[in-house]
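Everything below concerns the one structure shown next.
The values are calculated or read from the model by the stated rules, or taken from the named source; none is laboratory data. Computed from a predicted structure; not experimentally measured. Don't worry about glycine lacking a Cβ; one is built from the backbone with ideal geometry, like all the others, and counts go over all protein chains shown. Calculation scope for accessible area: heavy atoms of the full protein, side chains included, ligands and nucleic acids excluded. Shrake-Rupley method; radii C 1.70, N 1.55, O 1.52, S 1.80 Å.
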Amino acid sequence: MAKTTASLKKYRSKRDFKVTGEPKGSARTNGSSKELLYVIQKHQASHLHYDFRLEWHGVLLSWAVPKGPSLDPSVKRLAARVEDHPVEYGGFEGSIPEGEYGGGTVMLWDRGTWTPEVPDVDAALSKGELKFTLNGKKLKGSWVLVRTKGYGGSKKESWLLIKHRDRYASTEDVLEKKPRSVISNRLLPEIAAGSRVR
Ligand code: MN
């Protein structure tokens, strides 16, 4: 529990919860449920990117993927590790006010569960190679996150998100084919407009 709270310190320090509608989040023990949440949020901030999140130890481990995931196993997508987010963030869709951290529009692009393909997730994360299966609405099957040496100067860890070869691998552009929210069926501009009305 203490670990979770410490892990969310950075997330909270970046945000003013009186201004943004994003969840403050709390530690979560995930007692009975063995299901681990997986979520991708399409985030139109200063630059469009896809936030890839995997629940682990009661928080969402998070990576910002500028080009989004690819179903093509020959394509490696850069994924910058960012601060852990609260599990409640996995239910957030809407607008973050301009001027706030991450200001812009957030869409729940995909959501489901994930299963580690390794016996020890913590060891895999420190080693820099995590294999897992996704069971989302849009993304399924086997994937891997691999840490790279990164580019000098950047404080953020660089990882690569890669699809493994299986029956869900494809050269189809899933980002283009399935651009809508998995919970509201809205496109980004519709989410942005909807939030303004509220
Ligand atoms: Mn983001």
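How do the peptides 169-180, 59-70, 136-147 rank, highest first, by the average count of neighbouring beta carbon atoms within 10 Å per residue?
The most tightly packed comes first, giving 59-70, 136-147, 169-180.
Please compute the alpha carbon radius of gyration of region 21-155, then divide it by the globular-protein estimate 2.2 N^0.38 Å. Two decimals is fine.
1.04
Here region 113-193 is described by how far its Cα atoms reach on the three principal axes: 41, 35, 24 Å, from widest to narrowest.
Calculate what fraction, in whole %, of the accessible area of region 33-142 sits on carbon and sulfur atoms when a 1.4 Å probe is rolled over the protein chains. C and S fraction of accessible area: 52 percent.
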